[in-house]
Amino acid sequence: MTLLKSNSGIMPFGFNDVFDIDRFFNSKLPENGFNHTLPAVNIKETKKEFSIEFAAPGFTKKDFKIDIDQDVLTISAEKEHEEHEESDNFTRREFSYNSFSRSFTLPQTVSGEKIDAHYNNGILKLSVPKKEVSKTLTKKEIKIA
């Protein structure tokens with residue numbers, strides 16, 4: 001048997017052809033046996049607001065929870081689905097669970113009290129308005145009379 005050197009060490013010829021050992025051990029395995037997927041997020045800043053969009057298909061409005069705690073905005077969702085079917089010779093029970101949580105530290109320039117959220121066609125959109133910026137005085141010399 002001919003030996004070939006691969007990135008993972010010396011492997012017998014043909015073994016790497018059937019079982020790609022490098023790709024298997026370098027893949028990111030889910031932590032704690034759960035596959036955590038986070039929805040894609042787009043954040044856009046304009047003069048008046050921040051617009052945050054989440055791609056979260058498969059959820060409903062009631063699955064989402066949006067909180068603000070000490071300038072930290074947290075968006076989370078949780079969905080559970082279960083089917084149960086029985087007939088003469090078999091029983092089938094299927095269930096699924098999907099959840100995520102994302103947190104963002106809000107800058108001092110936003111107004112957390114006026115955040116608006118909408119969910120439509122799998123996209124959660126949040127509008128985070130900016131605070132009115134108080135006009136500060138530029139440097140000015142005051143003459144004494």
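All of the numbers you see were taken from the coordinates with simple rules; none came from a lab. These numbers were taken from a predicted model, which means no experiment stands behind them. Positions of Cβ are backbone-derived with ideal geometry, glycine not excepted, and every protein chain shown enters the neighbour counts.
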Relative exposure of TYR119, TYR97, judged by other C-beta atoms within 10 Å (fewest first): TYR97, TYR119
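If you rank GLU45, GLU53, GLU85 by fewest surrounding Cβ atoms within 10 Å, what's the result? Mind showing how you got there, number by number?
Values: GLU45 12, GLU53 15, GLU85 9.
Exposure proxy ranking, most exposed first: GLU85, GLU45, GLU53.
Over all directions, the average projected area of the alpha-carbon convex hull for the stretch 80-145 comes to how many nm²?
On the way: hull surface 33.8 nm².
Seen from a random direction, the Cα hull of the stretch 80-145 projects 8.5 nm² on average.
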Taking r as the C-beta separation of ASN42 and GLU83 and R0 as 41 Å, the FRET efficiency to the nearest 0.05 is 0.75
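Fewest to most neighbouring Cβ within 10 Å: what's the order for THR91, THR138?
On the way: THR91 8, THR138 5.
Exposure proxy ranking, most exposed first: THR138, THR91.
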Using modelled backbone amide H atoms (1.01 Å from N, in-plane), which distant-in-sequence or interchain residues come within less than 5 Å of VAL110's amide H? LYS131
Where a label projected 7 Å from the Cα of ILE68 along Cα→Cβ would reach, residues of the stretch 93-128 with amide N under 11 Å: 106-116, 127-128
Expressed in nm to one decimal, what extension gain is obtained for the pair SER96 and ASN121 from 0.36 nm per residue of sequence separation less their Cα-Cα distance? 6.9 nm
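Give, as a single signed number, the net charge of other residues whose beta carbon lies under 11 Å from the beta carbon of VAL128, with Lys and Arg counted +1 and Asp and Glu -1.
Details: positive: LYS44, LYS48, LYS114, LYS125, LYS130, LYS131; negative: GLU45, GLU49, GLU113, ASP116.
It works out to a net charge of +2.
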Using θ = phi - 60° and the Karplus form 6.51 cos²θ - 1.76 cosθ + 1.60, what ³J(HN,Hα) does each residue of the stretch 43-54 get, whole Hz, x for Gly and Pro? 10, 10, 10, 10, 5, 9, 7, 9, 10, 10, 10, 10
